[in-house]
Amino acid sequence: MNKVHIGNYITKKRKTIKLTQEQLAEKLGISSKTISKWENGKTLPDYSLVEELCKILKITSSELFNGEDNKKNSDKQIIEMLERVQNLENQKNSIFGTLLIILGIACLCMSTLFGGSSTKDFISGFLLGLSIVEMLVGLFIISYSLFKKQ
């Protein structure tokens, strides 16, 4: 999928039905900046918006993601594929967050091994701080990925 090609197609179809970016955004319940990002090829529409976007632009999802008019109608397959890709992205973030938490716990355990001299106390304090930061970032990533699922 070529994001720029898809973005140009969205622009073409939006202009064909004489809608501004703001009007299209309002119909979809999103910001006009999001439409601009699609049309400039920076991002793709979220799978939850694809069906409504296609209805408004009077195209199929296969046409949308091919970036051209066609006769094939495999809308459900494309929407399912996009949903699976986004679910995998969320799973990747959850795994990354979990790994950060585990690494934080490991640093916390290692920090208890050091102590006694100023250098060892520094290393112990550094590892303790690092463990706290890693666990907080891991929790943030996991909670963010769970929030995106809803």
Within region 46-150, how many Lys pairs sit with Cα atoms under 22 Å apart, leaving out pairs fewer than 8 places apart on the same chain?
10
Most positive-pole-ward Cα, Asn87, Thr11, Leu28, against dipole of region 1-98 from beta carbon charges
Thr11
Quick one: how many Å² of Asp46 are accessible to a 1.4 Å probe, rounded to 10?
60
Karplus-derived 3J(HN,Hα), 6.51/-1.76/1.60, for each residue of region 59-64, Hz, glycine and proline x
9, 9, 5, 5, 5, 4
Working out 0.36 nm times the residue gap between Thr98 and Gln23, then minus their Cα-Cα distance, what length gain in nm do you get to one decimal?
22.9 nm
Return P(r) of region 1-119 (all Cα-Cα pairs; 10 Å bins starting at 0; whole %; ordered from short to long distances).
12, 35, 21, 10, 9, 8, 4, 1
Region 3-70: GluC sites (Glu not before Pro) in DSSP coil with no more than 14 other Cβ atoms inside 10 Å
Glu68
Note: region 1-45, point scatterers on Cα, Debye, no solvent; log10 I/I(0) at q = 0.19, 0.28, 0.32, 0.34 Å⁻¹ equals -0.49, -0.99, -1.16, -1.21
Heavy-atom accessible area of Ile142 with all protein chains present, probe 1.4 Å, nearest 10 Å²?
40
Give, rounded to the nearest 20 debye, the magnitude of the charge dipole that region 75-150 has about its Cα centre when Lys and Arg contribute +1 at Cβ and Asp and Glu contribute -1 at Cβ.
40
Cα-based helix-to-principal-axis angle, 118-149 vs the chain, degrees rounded to 10
30
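The values are calculated or read from the model by the stated rules, or taken from the named source; none is laboratory data. Please read these numbers as outputs of a predicted model, since none were measured by experiment. Neighbour counts run over all protein chains shown; Cβ positions are idealised from the backbone, glycine included. We work out accessible area using only protein heavy atoms, side chains counted, and drop any ligands, DNA or RNA first. Shrake-Rupley method; radii C 1.70, N 1.55, O 1.52, S 1.80 Å.
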